[in-house]
1. Asp15 accessible area, nearest 10 Å², 1.4 Å probe?
2. In Å², what does the accessible area per residue of the chain work out to with a 1.4 Å probe?
3. Relative to the Cα centre, what is the charge dipole magnitude of the chain, using +1 at the beta carbon of each Lys and Arg, -1 at the beta carbon of each Asp and Glu, and rounding to the nearest 20 debye?
4. Nearest 10 degrees, 0 to 90: what angle lies between the long axis of helix 47-59 and the longest principal axis of the chain (Cα atoms)?
5. Here are some values of Cα extents along the principal axes in Å: [x] 34, 23, 21; [y] 35, 30, 20; [z] 40, 26, 21. Which one was computed from this structure?
6. Can you work out the Karplus-derived ³J(HN,Hα) for every residue in the stretch 26-35? Use 6.51 cos²θ - 1.76 cosθ + 1.60 with θ = phi - 60°, whole Hz, and x for glycine or proline.
7. At Ser48 and Ser33, where each label point lies 7 Å from the Cα along Cα→Cβ, what is the point-to-point distance in nanometres?
Amino acid sequence: MSGAGWPARYEIRLDGVLGDRWSEWFGGLIVESEAGQTILSGTLSDQSALHGLLDKARDLGLSVTSVRRLPLERSEGDLT
């Protein structure tokens, strides 16, 4: 389901460290690590994509420590 507020940017923190090679498996999101955590960030098309991503983390046995919605980045032509 998509609607108002989608697509949306997210930052999802997982307990445990994954390398950046996992980016494709997580739908092309940026995969970084910091202090024993994996940080996934990027734009998701809708809420189903968000839940799918959380399901993938669960399937790997990783605990989600936080999910944060981020402001959308403005494009160069967007002056508002």
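The values are calculated or read from the model by the stated rules, or taken from the named source; none is laboratory data. Since the structure is predicted, the reported quantities are computational estimates derived from the model, not experimental observations. Neighbour counts are summed over all protein chains in view; Cβ atoms, including those assigned to glycine, are modelled from backbone coordinates with ideal geometry. Heavy atoms of the whole protein, side chains included, go into the accessibility calculation; ligands, DNA and RNA do not. Shrake-Rupley method; radii C 1.70, N 1.55, O 1.52, S 1.80 Å.
1. Counting only protein heavy atoms, Asp15 exposes about 90 Å² to solvent.
2. 66
3. Once rounded to the nearest 20, the dipole reads 200 debye.
4. Approximately 10 degrees, to the nearest 10.
5. Matching the structure shown: [z].
6. 9, x, x, 5, 6, 10, 10, 10, 7, 6
7. Label at Ser48, label at Ser33, 3.3 nm between them.
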